[in-house]
Amino acid sequence: MAENEQTLPTELGTIKISDDVVAIIAGLAATEIEGVAAMSGGIAGGIAEVLGKRNLSKGVKVEVGTEECNIDLFVIIRYGARIPDVCWSVQENVKKAVESMTGLRVLQVNVHVQGINFPQKEEASVKELE
């Protein structure tokens with residue numbers, strides 16, 4: 001068995017779920033929440049995006065056991081959003097998505113706010129009018 005897979009024994013064999021799959025589900029569920037501007041992937045994630053490779057598990061760290069998992073999310077919040085409310089919504093949505101899609105029990109969803117995304121100034125729209 002690979003180190004980054006969760007194995008579920010069944011009558012017909014086994015089902016293997018990669019940690020990367022759990023991370024992608026968690027990352028997509030987090031970005032569905034209003035107020036989440038982006039996931040924070042650090043320098044390596046930024047370089048991958050510049051090179052045209054979108055990393056769907058960017059900003060997500062998972063620890064998967066045999067029947068449960070812990071998830072750490074690193075997010076950037078939109079300016080003006082109430083941070084605790086956004087984070088609670090992220091926790092609930094990620095837990096629900098991972099549990100329903102994988103059958104794993106989610107023990108923890110830790111949300112780390114890494115930054116704030118400020119809206120673009122109206123200078124761009126003024127330049128377009130000129």
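Quick notes on this one:
- Qualifying positions in the range 95-121 - surrounded by 12 or more Cβ atoms within 10 Å (Cβ to Cβ), of a type in the set (S, T, N, Q) and farther than 15 Å from residue 75 by Cβ: 102, 108
- Lone unmet requirement of (1) of a type in the set (Val, Ile, Thr); (2) under 19 Å from residue 21 (Cβ atoms); (3) at pLDDT below 95 for residue 106: (3)
Listed here are the residues, each with its yes/no results for (1) more than 15 Å from residue 114 (Cα to Cα); (2) at pLDDT 95 or above; (3) crowded, with 16+ Cβ neighbours inside 10 Å.
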position	(1), (2), (3)
34	yes, yes, no
42	no, no, no
48	yes, no, no
67	yes, no, no
71	yes, yes, yes
87	no, yes, yes
90	no, yes, yes
93	yes, yes, yes
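- Only one of 58, 96 that is of a type in the set (D, E, K, R), out of contact with any Ser or Thr (no Cβ under 6 Å at 6 or more places or on another chain) and farther than 18 Å from residue 40 by Cα: 96
The values are calculated or read from the model by the stated rules, or taken from the named source; none is laboratory data. Source: prediction; values computed, not measured. Positions of Cβ are generated from backbone atoms using ideal geometry, with glycine treated the same way; all protein chains shown enter the neighbour counts.
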